[in-house]
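Q: Got a structure for you, written out below as structure tokens; questions coming shortly.
The values are calculated or read from the model by the stated rules, or taken from the named source; none is laboratory data. Because the structure is a prediction, the values reported are computed rather than measured. Don't worry about glycine lacking a Cβ; one is built from the backbone with ideal geometry, like all the others, and counts go over all protein chains shown.
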Amino acid sequence: MDLSHTIMFSYAWLLIAIPLAGATILLLLGSAAKKWGHWLGTAVALASFVYGACLFAEMFLAPAEQRATDVPVYTLIDVGTWHVTFGLLIDQLSVLFILLITGVGSLIHIYSIGYMAHDERRSRFFGYLNLFIAAMLLLVTADSYLLMFFGWEGVGLASYLLISFWQERPAAAAAGKKAFVMNRIGDLGVILAMSLLFTTVGSVQYSEVFAAANRIPVATATLIGFFLLLGACGKSAQVPLQAWLLDAMEGPTPVSALIHAATMVTAGVYVITRSGAIFDHAPAAATGVVIVGTVTMLAGAWIGTSKDDIKKALAGSTMSQIGYMMMAAGIGGPAYAYAIFHLLTHGFFKANMFLGAGSVMHGMDDDVNMRRMGGLAKFMRITTVTFAMGYLAIIGFPLFSGFFSKDHIIVAAFGYNPVIGICAMIGALITAYYMTRMMLLTFYGKRRWVEPQEANPNRLPVRHPHESPLTMTIPLIVLALFSIGAGLLMNHWIGQWLHPVTDPAHPHEVTFGEGLIEAFTNPLAWITLVLVAIGIGLGWLVFGRNRDIPLEAPRPNLAEQIGRNDLYGDAINNAAVVHPFLAGTEGVAKADEGIIDGVAVGSAGVIGGLSTQLKRAQTGYVRSYAVTMTAGVIVVGLVLILGQLA
Amino acid sequence: MSPENYLILSAILFSIGIFGVMVRRNALVAFMSIELMLNASNLALVTFSNMHAGNSGFVLDGQIFAFFVMVVAAAEVVVGLAIIVSIFRTRRSASVDDASLLKF
């Protein structure tokens, strides 16, 4: 018994169809929709959010065992014993994603009305955003790996289109291509995992796969787990496929907030949490997830400390926070819920900070370099305050949302392995350091720019900072409120809510309830708080105290040098993959020209030469043909006669 | 008379026809040589039919086939002569060596 008989759930496909219709209309009409395209785009996102909220309300009111609902949509293949049906699985996990995607998505649509106001192709931008919302909803509501993969590719496409939205900039076009290609590597992992599931289980339907998960041989399950991890690495920018995320910041800032912070890049965490049954059965793969998460968490934080570009520093931070989620998802058990908890709170505070960065850029002539900012707090009050809420949330200031979600992960990491736990704590320290740096460089300290009417003896950049319009500040305020309260709101509730999905074997044992108390009683939480305070202090020592920040970055030390170059991710990729492959393709091209083409051209030459000689027999003299014919008849006759004799 | 003699005559006529086609330049003579070959084969067909009948039966297969050959030959003559006449009209020559444009 589930909710599929209710009207809201039986029409659940509308959830995806509405934004898809919006995207279709906007992209087909093109510039004809210029005047009202952004309103339509925002309206469909809001409609989708209202529908999702109704689904959530209905599910919330239903008894726990009826909540998970599989809504059949249609049958794709029904031949003999082979049934492939498409359906939507709306359960406790996916409904949270629906709310996050459509909720944050709607806010970012509203924000984009103001942010993209001066862009010629604003309605196309909204069309792409709607396409993204539809694909992302399909990704999280699909009830099979195959259908999930449709959404997976759809968000990849939308991400590509939006990163290179300003296609006239070579850097943006290249960044889109890079993201697309690196995601293909991850997609290969998902395809291989699906193929393995199909051969071992005979189905890619979630319900059938998870029911049979215990019967899959451990070696196969481990392989499936690693393939899924490869897919998650590509989509969620985890080491070793992390290099695309920093370049993806070439896209418009709302895109960075929606796709490359709040939703799409967390799809990898979703897939691993969803496939919990497989990872529980393959401890080696789960360990792999933890290690990848830890490495990425530290690598992203490292990059975050040394970037002067505000968006790239935030992107490094995103990598790092997703690393936390992956860590939790790999630890498994109750930590699945922590991963999703952190995913949701991160979705709020990181979208908030990205949009805040966009608001700063809006007022600073699209400059992203924090060295040319400073002292903006007086000029952009709302942006500063909302950004500060995001800041307090991400560093884990007590009672802010990140405090609860990150603490759970650190405690769980210590329970799993002390080394991982210490890494998680160091990550918290570095996070506090680089976020303090960002705050101080951008909003406080001395101004490193001048207003147009001021004297400019030091040749500082001329800027005219101003607060952004209401369409941009209202989403900031809403997201700031969630950055403050989401943790407190969900801390006690989310573990129990997600329990039937994350631990279906023991539906009645809930091991997640001491949250609020744990955060204050556990000594680990106190140590983390001390480390965070040290991080803030370090940040203040280096960048605070009204110090003079040079406009040009001074000669970096080794750690900074490495961080500024994205830990040489591109260089490693080039040396390990790109150059060998290019050399390989050149070799293959040479072989193609030399050997394959050589054989073809050579044989054509031989035939041509022979025919040039042979055609001389065609003299045009009838009598010579007659002689040839007679000779031929005589030869045939002789052969026949000799054949008779022999 | 022994039927072999008819066959020998047929072979001689056929060889004369072949020889004519191969050596004579005049299109009309070559054409006549072809007719000679056809009639040589007709003679052979009738002879074989006669031999096949032997003492017991009454077989006319070869004779009927010879009629077919004659009919087709008559039709072919119409076409062939028309071509030869039209070539002669345009080139004032009936030599087959002059009409040698269709070559490499």
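Q: Yes or no: the stretch A:92-100 includes at least one residue that is among the β-branched types (Val, Ile, Thr) and more than 18 Å from A:Pro475 (Cβ to Cβ).
A: yes
Q: Another one. Return yes when A:Ile641 is away from chain B (no Cβ under 14 Å) and out of contact with any Lys or Arg (no Cβ under 7 Å at 6 or more places or on another chain) and no when it is not.
A: yes
Q: Kindly evaluate B:Asn39 against the criterion of being away from chain A (no Cβ under 14 Å), farther than 21 Å from A:Thr630 by Cα and surrounded by 13 or more Cβ atoms within 10 Å (Cβ to Cβ).
A: It is false that B:Asn39 is away from chain A (no Cβ under 14 Å), farther than 21 Å from A:Thr630 by Cα and surrounded by 13 or more Cβ atoms within 10 Å (Cβ to Cβ).
Q: Next question. State all residues of the stretch A:72-108 that are over 26 Å from the mean Cα position of the chain (by Cα) and assigned to a strand (DSSP E or B); if no residue qualifies, say none.
A: Residues satisfying the conditions are A:Pro72, A:Val73, A:Tyr74, A:Thr75, A:Leu76, A:Ile77, A:Asp78, A:Val79, A:Trp82, A:His83, A:Val84, A:Thr85.
Q: Which of the numbered conditions does A:Ala428 fail, given that it passes all the others? Conditions: (1) part of a helix (DSSP H, G or I); (2) small (Gly, Ala, Ser); (3) surrounded by fewer than 24 Cβ atoms within 10 Å (Cβ to Cβ); (4) in contact with a helix residue (DSSP H, G or I) (Cβ under 7 Å, 6 or more places away or on another chain).
A: Here A:Ala428 clears every test but (3).
Q: Right, another one. Step by step: first the residues of the stretch B:6-27, then only those that are surrounded by 15 or more Cβ atoms within 10 Å (Cβ to Cβ) and of a type in the set (A, V, I, L, M), then the one that is farthest from B:Arg91 (Cα to Cα). Which residue is that?
A: B:Leu7
Q: Output the residues belonging to the stretch A:46-69 that are touching a residue at least 60 places away in the same chain (Cβ under 8 Å) and surrounded by fewer than 19 Cβ atoms within 10 Å (Cβ to Cβ).
A: A:Leu46, A:Ala64, A:Glu65, A:Gln66
Q: Report yes if some residue within the stretch A:30-43 is closer than 17 Å to A:Ser207 by Cβ, outside any strand (DSSP E or B) and not assigned by TED's automatic domain parsing to the domain that holds A:Val255; otherwise report no.
A: There is no residue in the stretch A:30-43 that is closer than 17 Å to A:Ser207 by Cβ, outside any strand (DSSP E or B) and not assigned by TED's automatic domain parsing to the domain that holds A:Val255.
Q: In addition: From the residues in the stretch A:212-229 that are among the hydrophobic types (A, V, I, L, M, F, W, C) and surrounded by fewer than 24 Cβ atoms within 10 Å (Cβ to Cβ), which one is farthest from A:Ile291 (Cα to Cα)?
A: A:Ala212
Q: Working only within the stretch A:98-124, note down all residues that are buried (at least 24 other Cβ atoms within 10 Å of the Cβ) and over 24 Å from A:Ala57 (Cα atoms).
A: A:Tyr111, A:Ser112, A:Tyr115, A:Ser123
Q: Among the residues of the stretch B:92-104, count how many are at the interface with chain A (Cβ under 7 Å from one of its Cβ atoms) and basic (Lys, Arg).
A: Qualifying residue count for the region: 1.
Q: Could you check the stretch A:363-383 and list, in sequence order, the residues that are surrounded by fewer than 22 Cβ atoms within 10 Å (Cβ to Cβ) and closer than 13 Å to A:Glu467 by Cβ?
A: Answer for the stretch A:363-383, where residues must be surrounded by fewer than 22 Cβ atoms within 10 Å (Cβ to Cβ) and closer than 13 Å to A:Glu467 by Cβ: A:Gly363, A:Ala377, A:Lys378, A:Phe379, A:Arg381, A:Ile382.
Q: Condition first: under 30 Å from A:Ala179 (Cα atoms), without any contact (Cβ under 8 Å) to a residue 24 or more places away in the chain and of a type outside the set (Lys, Arg). Can you find one or more residues in the stretch A:548-558 that meet it?
A: Yes, that holds for at least one residue.
Q: Would you confirm whether any residue within the stretch A:598-607 is surrounded by 10 or more Cβ atoms within 10 Å (Cβ to Cβ), closer than 17 Å to B:Phe104 by Cα and more than 10 Å from every other protein chain (Cβ to nearest Cβ)?
A: Yes - at least one qualifying residue is present in the stretch A:598-607.
Q: On to the next question. Check whether at least one residue in the stretch A:60-71 is assigned to a strand (DSSP E or B) and aliphatic (A, V, I, L, M), and report yes or no.
A: Within the stretch A:60-71 (the criterion being assigned to a strand (DSSP E or B) and aliphatic (A, V, I, L, M)), the answer is yes, since at least one residue qualifies.
Q: For the stretch A:50-64, indicate whether the set of residues that are touching a Phe, Trp or Tyr at 6+ places or on another chain (Cβ under 8 Å) and either of a type in the set (S, T, N, Q) or more than 25 Å from A:Arg274 (Cβ to Cβ) (or both) is non-empty.
A: Taking every residue of the stretch A:50-64 in turn, none turns out to be touching a Phe, Trp or Tyr at 6+ places or on another chain (Cβ under 8 Å) and either of a type in the set (S, T, N, Q) or more than 25 Å from A:Arg274 (Cβ to Cβ) (or both).
Listed here are the residues, each with its yes/no results for (1) surrounded by fewer than 21 Cβ atoms within 10 Å (Cβ to Cβ); (2) under 22 Å from A:Val269 (Cα atoms).
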| position | (1), (2) |
| --- | --- |
| A:Pro398 | yes, no |
| A:Ser401 | no, yes |
| A:Ile420 | no, yes |
| A:Leu440 | no, no |
| A:His464 | yes, no |
| A:Ile474 | yes, no |
| A:Ile477 | yes, no |
| A:Gly487 | no, yes |
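Q: Only one of A:Tyr434, A:Tyr416 is aromatic (Phe, Trp, Tyr) and either crowded, with 22+ Cβ neighbours inside 10 Å or within 25 Å of the chain's Cα centre (by Cα) (or both); which?
A: A:Tyr434
Q: Take A:Phe180 and tell me if it is under 21 Å from A:Thr266 (Cβ atoms), in a helix (DSSP H, G or I), in contact with a Phe, Trp or Tyr (Cβ under 7 Å, 6 or more places away or on another chain) and in the same structural domain as A:Glu250 (by TED's automatic domain parsing).
A: yes
Q: Of the residues B:Arg25, B:Arg89, only one is away from chain A (no Cβ under 14 Å) and of a type in the set (Lys, Arg); which?
A: Every option except B:Arg89 fails the conditions.
Q: Looking at the structure I just gave you, is B:Ile64 surrounded by fewer than 18 Cβ atoms within 10 Å (Cβ to Cβ), within 14 Å of chain A (Cβ to nearest Cβ) and over 30 Å from A:Lys615 (Cβ atoms)?
A: Considered against the rule, which asks whether it is surrounded by fewer than 18 Cβ atoms within 10 Å (Cβ to Cβ), within 14 Å of chain A (Cβ to nearest Cβ) and over 30 Å from A:Lys615 (Cβ atoms), B:Ile64 comes out as no.
Q: Out of A:Ala617, A:Ala583, report the one residue that is surrounded by 10 or more Cβ atoms within 10 Å (Cβ to Cβ), on the phi < 0 side of the Ramachandran plot and modelled with pLDDT of 90 or more.
A: A:Ala583
Q: Going by the conditions given, is B:Ile34 buried (at least 17 other Cβ atoms within 10 Å of the Cβ) and within 14 Å of chain A (Cβ to nearest Cβ)?
A: yes
Q: Report, by residue number, each residue of the stretch A:609-636 that is more than 14 Å from chain B (Cβ to nearest Cβ) and of a type outside the set (A, V, I, L, M).
A: Result: A:Gly609, single match.
Q: In this structure, is A:Asp548 acidic (Asp, Glu) and modelled with pLDDT of 85 or more?
A: no
Q: Next up: Test each condition in (1) surrounded by fewer than 10 Cβ atoms within 10 Å (Cβ to Cβ); (2) in contact with a helix residue (DSSP H, G or I) (Cβ under 9 Å, 6 or more places away or on another chain) for A:Ala646 and report the one that comes out false.
A: So the condition that A:Ala646 fails would be (2).
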